[in-house]
Amino acid sequence: MRIVLVGPPGAGKGTQAAYLARNLSIPHISTGDLFRANISQGTELGRKAQEYMDAGRLVPDEITIGMAKDRMLQPDASNGFLLDGFPRNVGQAQALDKILAENGIALDAVLDLEVPEEEVVKRIAGRRLCRKNGSHVFHVVYNPPADDSVCDECGGELYQRSDDTEEKVRVRLEEYHSKTEPIIDYYEQQGLVRTISALGKVAEVTKRSMDALHDKK
Ligand code: AP5
Ligand code: ZN
């Protein structure tokens, strides 16, 4: 299956992607995680992306699209993938359509995770991430790790993202409404959108998502 996950910052895209990718045996491809890995490895791409991420703004398409394309064309993604955080504007959605067409493949669904803004702020404020694996996501209240600073899954160090401040979250939400939300209309026209409430327990949201992917009510 080839799936795109859309939703505001803190909706739970990364959290759901980890479970869905495991259930569907496809790789979880997060452009945010790819940028953070480049930044921690000190690459040229990471250096270029950092100033935009620190400001809460979208990284320019000329950097993002090539990086996402390279990852999607890796052998482990040949039978499908779950895109988390890409595409993030209509230009990226059009570029993705071109990449898919060139490779004779197509998307199966776009999962749109809906969550009220006040919940987003609570989720982001308590988020803790694993330095070793971006798919290992915790929350100090909703999904607390056994030890505040150690990942339960792999023993990696837990940290708080530098763009998870209230001020940056406001900018990220503005970017989401002005640039990312229009891709939902774009994909509606292709009949691909499945809207899911992202409220409730993580497992409930996963079940709703799996049901939507299998077209169950
Ligand atoms: P990115 O890393 O994609 O961040 P984001 O979209 O802002 O999304 P988040 O990672 O903040 O949230 P999430 O929805 O994954 O939530 P999570 O599962 O962690 O992008 C970061 C930056 O990179 C961008 O600002 C931009 O600069 C750049 N970038 C990335 N892609 C780009 C692109 N395509 N183009 C241009 N620039 C790009 O959950 C949040 C918290 O809630 C966690 O603590 C979790 O434990 C908790 N939680 C999750 N589900 C639940 C639940 N059901 N109940 C209670 N708590 C929950
Ligand atoms: Zn970990």
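Rule-based calculations on the coordinates, nothing more; no lab input. As the structure is a computational prediction, the values presented were derived from the model and not from experiment. Cβ: placed from backbone, ideal geometry, glycine included. Neighbour counts: every protein chain shown.
General remarks:
- From Gly200, Gly126, residue being farther than 28 Å from Ala93 by Cα, of a type in the set (Gly, Ala, Ser) and either without any contact (Cβ under 8 Å) to a residue 12 or more places away in the chain or in contact with a Ser or Thr (Cβ under 8 Å, 6 or more places away or on another chain) (or both): Gly200
- Among residues of segment 58-111, those that are surrounded by 15 or more Cβ atoms within 10 Å (Cβ to Cβ), assigned to a loop (DSSP other than H, G, I, E, B) and within 14 Å of ligand 1 (Cβ to nearest atom), counted: 7
- Residue in segment 143-188 that is nearest to ligand 1 (Cβ to nearest atom), counting only those that are acidic (Asp, Glu) and exposed (fewer than 13 other Cβ atoms within 10 Å of the Cβ): Glu174
- Top-ranked residue of segment 1-24 - restricted to ones that are touching a residue at least 24 places away in the same chain (Cβ under 8 Å) and away from ligand 1 (no atom under 12 Å from the Cβ), ranked as nearest to Thr180 (Cα to Cα): Ile3
- Ser30 being within 16 Å of ligand 2 (Cβ to nearest atom), within 23 Å of Glu174 (Cβ to Cβ) and in contact (Cβ under 8 Å) with a residue 40 or more places away in the chain: yes
- Residue check, Arg36 in a loop (DSSP other than H, G, I, E, B) and within 17 Å of the chain's Cα centre (by Cα): no
- Residue count for segment 174-205, restricted to those that are assigned to a loop (DSSP other than H, G, I, E, B) and of a type in the set (Asp, Glu): 1
- The lone exception for Ala49 - which of (1) of a type in the set (A, V, I, L, M); (2) surrounded by fewer than 19 Cβ atoms within 10 Å (Cβ to Cβ); (3) without any contact (Cβ under 8 Å) to a residue 24 or more places away in the chain it fails: (2)
- Segment 129-173, subset of a type in the set (Lys, Arg) and part of a loop (DSSP other than H, G, I, E, B), residue farthest from ligand 2 (Cβ to nearest atom): Arg161
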